[in-house]
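Report on the following structure.
The values are calculated or read from the model by the stated rules, or taken from the named source; none is laboratory data. Computed from a predicted structure; not experimentally measured. Glycine also receives a Cβ, built like all others from the backbone with ideal geometry; neighbour counts cover every protein chain displayed. Please note that ligands, DNA and RNA were not included when accessible areas were found on the heavy atoms of the full protein model with its side chains. Shrake-Rupley method; radii C 1.70, N 1.55, O 1.52, S 1.80 Å.
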Amino acid sequence: MSRLFLGVTLLIVAVLIVPTYLEACPACKTLDDPIGKGFNFSILFMMAMPFVVFTVISGTVFWHYRRASKEPMD
Amino acid sequence: METQNNIDVRERPPLSNARLAILVLLGAETMLFSGLIGAFLVFRVGNVTWPPPSHIGIELPRVVTGINTALLLISGYTMFQGWRAIQKDNVQQLRNWLLITGALGLLFLGIQGSEWVQLIRNGLTLQSGVYGGIFYVLIGCHAVHVMSAVIWLFIVLGMAMAGRFSAERYTSVDTCTIYWIFVVALWPILYVLVYLS
């Protein structure tokens with residue numbers, strides 16, 4: 001619980017001290033047109049997906065093994 | 001494998017190899033669709049007017065596709081019921097649910113195909129600019145996945161007819177169900193992005 005609290009606190013502090021909001025594409029940062037926004041959205045979305053896939057696969061494996069360890073032995 | 005009192009005891013892994021394989025396959029599929037959705041987002045967010053001015057007159061069939069979406073979601077439910085039936089060792093119910101699911105999948109593809117014919121007649125083709133290109137690639141890629149899922153499902157149905165499944169042995173049903181649910185769950189995301197945004 002304390003670890004979770006510490007993690008959340010660090011995350012909030014990190015967000016607060018970031019001087020400006022982050023852009024996914026440095027080249028598009030100076031562009032204030034829709035194409036730049038489009039690339040930003042797209043890059044952020046595609047950047048997130050490997051983490052989602054990895055989390056789902058590893059989470060499923062973990063869940064199956066955890067459930068098996070709780071089952072009574074024959 | 002261990003030997004206890006001259007009887008071979010095979011330890012079954014908590015997660016079967018088949019399930020792990022299908023998870024990895026779906027991971028790859030997710031990355032494929034992420035790339036396509038990413039490309040769509042570039043064009044969609046990058047264009048102030050959508051569809052682009054060159055395609056102003058072309059309307060995507062939102063209502064019919066909405067009904068089609070409902071059909072596909074129902075097929076996800078019927079597939080899940082088939083999976084539950086074989087867990088209870090009810091092969092007859094499995095066959096029925098698989099048949100209904102396959103019919104719904106074919107219906108989805110049929111409606112999708114007729115929509116495409118209409119859109120091509122209205123002038124929206126793969127070569128008619130970025131709007132047509134991204135529409136047919138994204139929706140077509142999903143349709144190919146539904147088609148392969150339907151083929152897979154009918155193979156599983158054939159195996160069910162041949163009496164190859166029981167409550168202890170149903171790996172093919174298991175993997176086919178996971179794939180089907182993935183294809184079904186993906187569609188509403190594409191529908192909202194492509195048809196409603």
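Looking across the range A:45-62 at every residue that is more than 9 Å from chain B (Cβ to nearest Cβ) and open to solvent by 60 Å² or more (accessible area, probe 1.4 Å), the one that is farthest from B:Pro13 (Cα to Cα) is identified as A:Met47. Just wondering, is there one or more residues in the range B:56-76 that are part of a helix (DSSP H, G or I), surrounded by fewer than 17 Cβ atoms within 10 Å (Cβ to Cβ), of a type outside the set (A, V, I, L, M) and at pLDDT 95 or above? Yes, the conditions are met somewhere in the range B:56-76.
Anything in the range B:112-128 that is assigned to a helix (DSSP H, G or I) and either acidic (Asp, Glu) or open to solvent by 40 Å² or more (accessible area, probe 1.4 Å) (or both)? List them, or say none.
Correct list: B:Ser114, B:Glu115, B:Trp116, B:Val117, B:Gln118, B:Ile120, B:Arg121.
Taking the conditions (1) surrounded by 20 or more Cβ atoms within 10 Å (Cβ to Cβ); (2) within 22 Å of B:Gln112 (Cβ to Cβ) in turn, B:Tyr195 satisfies each one other than (1).
Would you be able to say whether some residue in the range A:13-24 is more than 11 Å from chain B (Cβ to nearest Cβ), at pLDDT 85 or above and assigned to a helix (DSSP H, G or I)? For the range A:13-24, residues more than 11 Å from chain B (Cβ to nearest Cβ), at pLDDT 85 or above and assigned to a helix (DSSP H, G or I): present. Within the range B:29-55, the residues that satisfy the criterion of being part of a loop (DSSP other than H, G, I, E, B) and either within 14 Å of chain A (Cβ to nearest Cβ) or at pLDDT 95 or above (or both) are B:Asn47, B:Val48, B:Thr49, B:Trp50, B:Pro52.
Filter the range B:77-110 down to the residues that are in a helix (DSSP H, G or I) and among the polar types (S, T, N, Q) and list them by number.
B:Thr78, B:Gln81, B:Gln87, B:Gln92, B:Gln93, B:Asn96, B:Thr101
Residues in the range B:91-98 include none that are in contact with a helix residue (DSSP H, G or I) (Cβ under 9 Å, 6 or more places away or on another chain), farther than 30 Å from B:Pro53 by Cβ, open to solvent by less than 60 Å² (accessible area, probe 1.4 Å) and among the polar types (S, T, N, Q). Taken together, the residues in the range B:99-111 that are under 16 Å from B:Gly158 (Cα atoms), open to solvent by 40 Å² or more (accessible area, probe 1.4 Å) and in contact (Cβ under 8 Å) with a residue 12 or more places away in the chain amount to 2.
Among the residues of the range B:77-90, write down those that are open to solvent by less than 30 Å² (accessible area, probe 1.4 Å), out of contact with any Ser or Thr (no Cβ under 6 Å at 6 or more places or on another chain) and in contact (Cβ under 8 Å) with a residue 24 or more places away in the chain.
Answer for the range B:77-90, where residues must be open to solvent by less than 30 Å² (accessible area, probe 1.4 Å), out of contact with any Ser or Thr (no Cβ under 6 Å at 6 or more places or on another chain) and in contact (Cβ under 8 Å) with a residue 24 or more places away in the chain: B:Gly82, B:Ile86.
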